[in-house]
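Comments concern the structure below.
Bear in mind that the values in this text are calculations on the coordinates, not laboratory data. From a predicted model like this one, the values you see are computed outputs, not experimental measurements. Neighbour counts are summed over all protein chains in view; Cβ atoms, including those assigned to glycine, are modelled from backbone coordinates with ideal geometry.
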Amino acid sequence: MSYDSIIVGAGPAGMSAAIYLARQKLNFIIISQNVGGYVTQSSEVGNYLGFNLIDGGQLAEKFEEHIKIYGVNIKSPEEVKKISKAKNGFKVVTGRGEYLAKTVLIATGEKHRKLNIPGEDEFLGRGVTYCATCDAPVFGGKDIAVIGGGNSAMEAALFGAKYAKKVYLLNINKELAGESHLITRVKKEKKIQVFSEASAGEIFGGKFVEGLKYQQGGSEKKISVQGVFIEIGLVPVSDFIKIVKKDKWNEIEVDKYNKTSVEGIFAAGDVTDVTEKQIAVAVGEGCKAALGVIKYLQK
């Protein structure tokens with residue numbers, strides 16, 4: 001069986017695209033490791049039109065409810081391993097099988113960048129986390145460290161402060177970088193202590209995380225913490241596809257119609273070289289890409 005299209009990814013861009021393909025009554029599926037994408041890890045979303053303030057997970061649920069109205073077939077959790085050209089279209093290989101489609105729309109978004117320091121992998125799930133929204137409640141009354149100095153790190157520190165006894169925010173730069181209202185809130189929060197020009201060196205402990213070593217002012221220091229929240233940015237989820245052109249950051253290059261360098265493959269959202277990584281932008285890009293798929297198939 002060959003589909004009209006396969007959407008890879010069920011974040012804001014992928015689900016937005018699904019609405020347009022479904023309304024055209026195209027034969028398509030979504031394949032994704034999860035439903036909701038990175039938006040599910042946002043504790044607060046206050047800049048999406050129509051919602052004054054909403055939890056990221058709740059917004060993702062709204063998106064999913066919308067596409068379910070159209071009976072969209074979502075294969076999740078399922079990871080795409082490879083996409084290659086095939087007769088009359090493309091072959092999409094996953095850990096569970098192979099699928100054929102006339103077109104492919106990639107909307108896999110981004111994933112957390114790793115620190116690549118000793119202890120990071122060893123203590124994953126035992127004190128190390130990349131999702132404050134998911135795991136902060138586990139650290140009630142404990143001390144935690146948040147690594148990073150941008151919006152995601154500040155959001156993680158503020159959310160963590162709701163539960164933790166103490167929050168250490170380690171910023172490799174001299175000043176915090178991000179939205180001014182977040183910087184103001186971080187500076188006002190008494191539970192948060194900011195370490196500037198501090199570089200994480202090693203996460204240590206026994207069965208669980210017990211502390212963090214870091215470099216600051218030319219010397220090594222350490223703090224006692226039970227949790228380490230890593231928030232140093234994101235990288236595009238694009239390693240599974242080799243046949244499209246990407247930029248130096250591994251983002252898939254697209255034109256204004258969301259076409260990639262391969263005819264019949266479209267891409268949308270944070271996985272692309274679109275200039276802004278925002279939920280609203282991803283939703284719009286998903287719409288554009290879907291319209292591109294529809295016009296391509298109509299030819």
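Which of the peptides 241-253, 1-13, 106-118, 45-57 is most tightly packed, and how do the rest follow, going by the mean number of other Cβ atoms within 10 Å of each residue?
1-13, 106-118, 241-253, 45-57
Nearest 5 percent is fine: what portion of the DSSP beta bridges confined to the stretch 79-134 is antiparallel?
Antiparallel bridges make up about 90 percent of those DSSP assigns within the stretch 79-134.
In the calculated pair distance distribution of the stretch 128-230, what percentage of Cα-Cα distances lie above 22 Å?
21 percent
Within the stretch 193-220, name every residue whose backbone N is under 17 Å away from a label modeled 7 Å from Cα of Asn116 along the Cβ vector.
Counting only backbone N, you get 199-203.
Under the Karplus relation 6.51 cos²θ - 1.76 cosθ + 1.60, θ = phi - 60°, what is the ordered set of whole-Hz ³J(HN,Hα) values for the stretch 154-164, x standing for Gly and Pro?
5, 4, 5, 5, 5, 5, x, 5, 5, 10, 6
Apply the Karplus parameterisation 6.51 cos²θ - 1.76 cosθ + 1.60, with θ equal to phi minus 60°, to every residue of the stretch 191-201 and state each ³J(HN,Hα) to the nearest whole Hz, in sequence, with x for glycine and proline.
The phi angles translate into 6, 9, 10, 9, 9, 8, 6, 10, 10, 5, x Hz.
Give me the percent of Cα-Cα pairs in the stretch 2-50 that sit more than 12 Å apart, rounded to a whole number.
Within the stretch 2-50, distances greater than 12 Å cover 66 percent of Cα pairs.
Please name which of Ser219, Gln24, Tyr70 has its Cα lying farthest along the dipole of the chain towards the positive end, using unit charges on Cβ (Lys, Arg +1; Asp, Glu -1) and the Cα centre as origin.
The one lying farthest along the dipole's positive direction is Gln24.
Under unit Cβ charges (Lys, Arg +1; Asp, Glu -1), what dipole magnitude, rounded to 20 debye, does the chain have relative to its Cα centre?
440 debye
For the chain, set up a GNM with springs between Cα atoms under 10 Å and report which of Val271, Val35, Val80 has the largest fluctuation.
Evaluated over the chain, the most mobile residue of the options is Val80.
Among DSSP bridges having both ends in the chain, what percentage is antiparallel? Round to the nearest 5.
About 45 percent, rounded to the nearest 5.
For the stretch 38-150, what D do you get in µm² per second when you plug the Kirkwood radius from alpha-carbon pairs into Stokes-Einstein at 20 °C and 1.002 mPa s?
Calculated translational D: 120 µm²/s.
Just subtract the alpha-carbon distance of Ser2 and Leu124 from 0.36 nm times their residue separation and send over the number in nm, one decimal.
That pair, Ser2 and Leu124, stretches by 40.0 nm at full extension.
In the stretch 128-230, what percentage of the DSSP-assigned beta bridges are antiparallel, given to the nearest 5?
Approximately 45 percent, going by the DSSP bridge assignments.
With the cut-off at 24 Å, report for the chain the share of all Cα pairs above it, as a whole percent.
54 percent
Provide the per-residue ³J(HN,Hα) series for the stretch 128-140, in order, calculated from phi with Karplus coefficients 6.51, -1.76, 1.60 and θ = phi - 60°, each as a whole number of Hz, with x at glycine and proline positions.
Taking θ as phi minus 60°, the curve returns 9, 8, 10, 9, 5, 4, 6, 10, 4, x, 5, 9, x Hz for the stretch 128-140.
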